Amino acid sequence: MSWTDKRIENWVGYMLRTGVLLAAAIVLIGGAMYMVKNHSSRPDYSQFHGETVQLMTMHGIVHGVGTGDPLSIIMLGLLVLIATPVARVGMCVAGFLFEGDRLYVAVSSVVLVILLYSLFFHK
Amino acid sequence: MDASWFSLILLVTSLAAGLLGALSGLGGGVVIVPVLTIVFHVDIHYAIGASLVSVIATSSGAAAAYVREGFSNIRVGMFLEIATTLGALVGAWLTTQVPTHAIGFIFGLVLLYSAYVSLKAKHEEITTKPDKMALRLRLEGTLPLGDGREQPYVAQRVPAGFGLMWLAGVLSGLLGIGSGAVKVIAMDQAMRLPFKVSTTTSNFMIGVTAAASAGLYLKSGYLMPALVMPVMLGVLAGSLIGSRLLVRAHVRTLKVVFSLLIIVMGIEMIVNSLLRK
C-alpha cells in the first residue's frame, strides 16, 4: 500500500460519509413532511403493484420535488444515496489516474461503466 | 393505525434490526427483509427495495471508520466489484422474472447459510505465496498488526474468488441484501486474504454492488418512499450505533442468540414460500 492509495481511501471515505449524511437529511425532511401531512390509514404493502409512474423516473421525481411533494423529496434523497457509491468509483478512477496506475484506471472505469449502464439503460 | 404511527413503528423496528445486524456482523439487510415480510406482511418486492437502500446507506456510512483502521484494500475491492456489479445486473433482472415465492425460498436459504457462517469458528492462514495472476493484478497488500509491524499478504485463487463474487452480486441483486457472508467467503476462504481485510473490503464493495441493482429497482417500482424512509433511517442509525458498541461489547453470546433467531426466520420464510405454492 503506497501513500497515495491511503490518500484515495481517505477522500473516498470522507465523500461517502458526506453523501450518506446528505441523503439521510433529505429523506428526513421529506419524511417529516410526509408524517405531518399524512394522517390517512396505514398504507397496505401486502400486494405488489409497483409504484406510481411519477416516482419511478428521475424526471418525475425532480418535477415532484418542485411541487413540494413529500414522497418526491424522499425519492430525491434516495437518488443522492444511490449516486454516492457511483461517485466513489468515479473518484477512484481519478485517484488511480493521479497515481499513474493505468491498470486500475481501466479496472475502475469498467466498474463505472457497468454502474452507469445499470442506472440509465438496464431493462 | 394511521400512516405516521406506522412509520414510527417501522423506524424503531429498523433501528433494532440495524443494531443487531451490526453487532452480529450479518448486516441490516438480511434482518430487515424477513421482519418486514413476516411481521408487517410487506410484499417481498417492497421489502427488498427498502433493504437495498438501507444496505447502500450502512455501507457508505461505515466506510469512513473502516478507512481509518487501514485494513481495507482498494485494489482488491475495485477488481472484485467488476464481478459483483455484473452479478447484480443479473440478480436484479431475475427479481423481475421469478415468482415471489421463489425469492422467499432463496432468501430463507441465504438466511440459514448466513447464520452458519456467523457461528462457524474462524481460522486464518495468511499467505505470501506469489500467485502469478494476483501479482499481475496487484492484489496484494500489508496488514497492520497494531504494534507498528506489518504483515504482507498476496491473494490466491483469483478466478475462484471472482466467480464467488459474481454469485454474491447475483444474490445481492436478487434479494436486496449486501451478501456480506458470501463476499467474506470469497475473499477469506477462496482468496486467502486476512479476515480483517476481507470484512472491511467487503463493506466497501457492498454499496457499489447494491447501487448496480438500484436503477432497475427504481424503474420496476420496488422503492416505495413512505416505506423506505423509516427503514433506511432506522437501519442506518442502528448500524452506526451498533458499530460503536461493537468495540466494547462482548458479542459472542449475542451472536449465538441472534443467529438462532435468523435460523427461525429462515425456516419460516422457506415454509411460507412452500405453502403458498
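The values are calculated or read from the model by the stated rules, or taken from the named source; none is laboratory data. It should be emphasised that the depicted structure is a prediction, and the values quoted were computed from it without experimental measurement. All Cβ positions, glycine included, derive from the backbone under ideal geometry; neighbour counts span all protein chains shown.
Here are some notes:
- For the condition surrounded by fewer than 16 Cβ atoms within 10 Å (Cβ to Cβ), more than 22 Å from residue B:53 (Cβ to Cβ) and in contact (Cβ under 8 Å) with a residue 40 or more places away in the chain, residue B:245 qualifies.
- With respect to (1) modelled with pLDDT of 85 or more; (2) of a type in the set (Gly, Ala, Ser); (3) farther than 28 Å from residue B:151 by Cα, the lone exception for residue B:60 is condition (3).
- Residues in the range A:84-116 that are under 18 Å from residue B:220 (Cα atoms) and either more than 8 Å from chain B (Cβ to nearest Cβ) or in contact (Cβ under 8 Å) with a residue 60 or more places away in the chain (or both): A:116 only.
- Among the candidates A:111, A:89, residue that is under 15 Å from the mean Cα position of the chain (by Cα) and surrounded by 22 or more Cβ atoms within 10 Å (Cβ to Cβ): A:89
- Criterion violated by residue A:51 - all others in (1) at the interface with chain B (Cβ under 8 Å from one of its Cβ atoms); (2) within 19 Å of the chain's Cα centre (by Cα); (3) in a helix (DSSP H, G or I) satisfied: (3)
- Residue match in the range B:35-53 (condition: in a helix (DSSP H, G or I), within 11 Å of chain A (Cβ to nearest Cβ), within 30 Å of residue B:276 (Cα to Cα) and of a type in the set (S, T, N, Q)): yes
- Looking across the range A:29-39 at every residue that is surrounded by fewer than 16 Cβ atoms within 10 Å (Cβ to Cβ) and within 20 Å of residue A:81 (Cβ to Cβ), the one that is modelled with the highest pLDDT is identified as A:29.
- Residue B:19 of a type outside the set (Phe, Trp, Tyr), over 20 Å from residue B:113 (Cβ atoms) and either in contact (Cβ under 8 Å) with a residue 60 or more places away in the chain or more than 13 Å from chain A (Cβ to nearest Cβ) (or both): yes
- Scanning the range B:55-82 for residues that are more than 10 Å from every other protein chain (Cβ to nearest Cβ) and either in a helix (DSSP H, G or I) or within 26 Å of residue A:117 (Cβ to Cβ) (or both) yields B:55, B:69, B:76.
- Scanning the range B:140-148 finds no residues that are assigned to a strand (DSSP E or B), at pLDDT below 90, of a type in the set (D, E, K, R) and surrounded by fewer than 18 Cβ atoms within 10 Å (Cβ to Cβ).
- Counted residues, the range A:11-28 - those being out of contact with any Lys or Arg (no Cβ under 9 Å at 6 or more places or on another chain) and crowded, with 17+ Cβ neighbours inside 10 Å: 6
- Matching residues in the range B:161-215 - criterion: being outside any helix (DSSP H, G or I) and surrounded by fewer than 24 Cβ atoms within 10 Å (Cβ to Cβ): B:192, B:194
- Filter result for the condition that a residue is without any contact (Cβ under 8 Å) to a residue 40 or more places away in the chain, more than 9 Å from chain B (Cβ to nearest Cβ) and under 23 Å from residue A:20 (Cβ atoms), over A:64, A:68: A:64
- The residues in the range A:3-17 that are among the hydroxyl-bearing types (Ser, Thr, Tyr) and within 15 Å of residue B:57 (Cα to Cα) can be counted, and the count is 1.
- Condition check for residue A:42: surrounded by fewer than 18 Cβ atoms within 10 Å (Cβ to Cβ), under 24 Å from residue B:236 (Cα atoms) and either among the aromatic types (Phe, Trp, Tyr) or at the interface with chain B (Cβ under 8 Å from one of its Cβ atoms) (or both): yes
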